[in-house]
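Chemist: Before I ask anything, let me first share the structure, which is written out below as structure tokens.
The values are calculated or read from the model by the stated rules, or taken from the named source; none is laboratory data. As the structure is a computational prediction, the values presented were derived from the model and not from experiment. Counting neighbours? That spans all protein chains shown, and the Cβs are built from the backbone with ideal geometry, glycine included.
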Amino acid sequence: MRPPPLLAMIGFSMLGNSSLVVQPMIVGGMVDHLGFTERQAGLIASVELAGLSLGMLLMVGIAQRFPRAALAGASIAIVVLANILACFVDQFVPMLLVRFVAGGGAAMAIAVFLSMGAAQPRPENTFAIVNALSIAYSGVLTPFAPSILAVWKLPGLFLTLAAVALLMIPLLIGLDAGVQRSSPAAPPRNTSVRGSGGVPIRILMLLLMMLLLYSGHGSVWAYQQRIGIGLGLQAEEIGRWIGLSMLIGGVGGSMTARALGLRLGRVWPQFLSLGVSAVAAVMLVFGATSVVFAVACGLVAFSWFYGLPYQMGLLAAFDPLGRANMAGVVMTTGGSAAGPAVAAILIAQFGHPVIGVLAASCYLLCLALVLPSAIELNRATPVAA
């Protein structure tokens, strides 16, 4: 792959995920500097993710009708404008609207990245590279976010997000000409599995699993900073641990999955990723020291990015044309929006511990939903260790 299109994919993946990277700090800043309640701040985070989810759903239907450069330019403009407007907003309802629009702009950036990656002859390798670098970017930005928040308050974070978007402008040149379409899709794999009457049910179960998975992830991620504050940790310390968790745990999980492939089959990775996620969520809210918090953050990031390739791989095995994977992206963004909303409702009465219980419950339900598909595919196409 030539560097220009690869850089473009990395850039627009970063742009699409930037607001999610600093979301815990934005939630904390809304509470500390704007006087919002934790419930209100959580709902704003949820609404931004709802904008991302609805935007992705819209992009599935219309993204191919527009040049990539047009979508990319529109995403930059929307993200910049929404974040500049957010600097002047200090009321709950206007902030809801502004962050919803920002989520829609992020969806357009992600659609650009996905359409370019899918056009590659070996999209799996491309996605793996871009994913690892995007996680590393998250690990670099996160530790700086508390310092930006302390010095320039929320406008500093919003202007940082706008600046990241502006950095993508040079990548617009030759965006549509930079990626050649891949060859026509190969005949569907695992046709014996696809031909069974249980395939639609399996896909439905996997999509529900992705929704619940990211409901758990979203509830933990949105309140991770506030959980640390509740434990008596300093904001800079929290940012450092979250950043290191993304750099070490997130990148490590992604690279571990890439290195192991299917050597453990399709069942054990589900047990490992979802089991570790449940343990980490409980550790996060019931831990009493900075060491426990740091270990829990690392396990959260590792399990998240170790398990994702396997979970998306199951969808691809049932639908090699990629439609189930596109629906899976919608489910992940929808779950990321639903998780903070449910947590925001419960936290007022039960406090931070309910977030760990909620997330762990989601992960255990995910395990029940994903195992039938993993076992079925293992039997249909066994993989030698």
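Chemist: Which is β-branched (Val, Ile, Thr) and either more than 18 Å from Ser13 (Cβ to Cβ) or surrounded by fewer than 16 Cβ atoms within 10 Å (Cβ to Cβ) (or both), of Val79, Val112, Val101? Don't jump to the end; show me each part of the working.
Modeler: Working: Val79 fails: either more than 18 Å from Ser13 (Cβ to Cβ) or surrounded by fewer than 16 Cβ atoms within 10 Å (Cβ to Cβ) (or both); Val112 fails: either more than 18 Å from Ser13 (Cβ to Cβ) or surrounded by fewer than 16 Cβ atoms within 10 Å (Cβ to Cβ) (or both).
That would be Val101, the only listed residue that is β-branched (Val, Ile, Thr) and either more than 18 Å from Ser13 (Cβ to Cβ) or surrounded by fewer than 16 Cβ atoms within 10 Å (Cβ to Cβ) (or both).
Chemist: Looking at Gly29, is it within 30 Å of Val151 (Cβ to Cβ), in contact with a Pro (Cβ under 9 Å, 6 or more places away or on another chain), buried (at least 16 other Cβ atoms within 10 Å of the Cβ) and in contact (Cβ under 8 Å) with a residue 60 or more places away in the chain?
Modeler: When the stated conditions are applied, Gly29 does not pass them.
Chemist: Take region 228-246 and flag every residue that is part of a helix (DSSP H, G or I) and touching a helix residue (DSSP H, G or I) at 6+ places or on another chain (Cβ under 6 Å). Before you say what the answer is, go through the steps one by one.
Modeler: Applying the first criterion (part of a helix (DSSP H, G or I)) to region 228-246 yields 228-230, 235-246.
Result: Gly228, Ala235, Glu236, Ile238, Gly239, Arg240, Trp241, Ile242, Gly243, Ser245, Met246.
Chemist: Something else now. So which of Gly287, Gly307 is over 18 Å from Leu204 (Cα atoms), touching a Pro at 6+ places or on another chain (Cβ under 8 Å) and buried (at least 18 other Cβ atoms within 10 Å of the Cβ)?
Modeler: Criteria check complete, one pass: Gly307.
Conditions tested, residue by residue: (1) buried (at least 21 other Cβ atoms within 10 Å of the Cβ); (2) outside the structural domain of Ala338 (by TED's automatic domain parsing); (3) out of contact with any Phe, Trp or Tyr (no Cβ under 7 Å at 6 or more places or on another chain); (4) of a type outside the set (S, T, N, Q).
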position: Pro5; (1), (2), (3), (4): yes, yes, yes, yes
position: Ser19; (1), (2), (3), (4): yes, yes, yes, no
position: Val22; (1), (2), (3), (4): yes, yes, yes, yes
position: Val60; (1), (2), (3), (4): no, yes, yes, yes
position: Gln64; (1), (2), (3), (4): no, yes, yes, no
position: Asn83; (1), (2), (3), (4): yes, yes, no, no
position: Cys87; (1), (2), (3), (4): no, yes, no, yes
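Chemist: For Arg68, only one of the following conditions fails: (1) farther than 24 Å from Gly29 by Cα; (2) touching a Phe, Trp or Tyr at 6+ places or on another chain (Cβ under 7 Å). What is its number?
Modeler: (2)
Chemist: While we're here: I'd like to verify a number: residues in region 274-316 that are over 12 Å from Gly250 (Cα atoms), in contact with a helix residue (DSSP H, G or I) (Cβ under 9 Å, 6 or more places away or on another chain) and in a helix (DSSP H, G or I), how many?
Modeler: The total comes to 27.
Chemist: Additional query: Looking only at residues in region 249-261 that are surrounded by fewer than 17 Cβ atoms within 10 Å (Cβ to Cβ) and among the aliphatic types (A, V, I, L, M), which one is nearest to Tyr310 (Cα to Cα)?
Modeler: Among those that are surrounded by fewer than 17 Cβ atoms within 10 Å (Cβ to Cβ) and among the aliphatic types (A, V, I, L, M), it is Leu260.
Chemist: Quickly run through region 72-98 and pick out the residues that are in a helix (DSSP H, G or I), touching a residue at least 60 places away in the same chain (Cβ under 8 Å) and within 17 Å of Leu157 (Cα to Cα).
Modeler: Ile76, Val79, Val80, Asn83, Ile84, Ala86, Met95
Chemist: Sort through Arg39, Arg65 and tell me the only one that's of a type in the set (Lys, Arg) and closer than 23 Å to Ser219 by Cβ.
Modeler: Residue meeting the stated conditions: Arg39.
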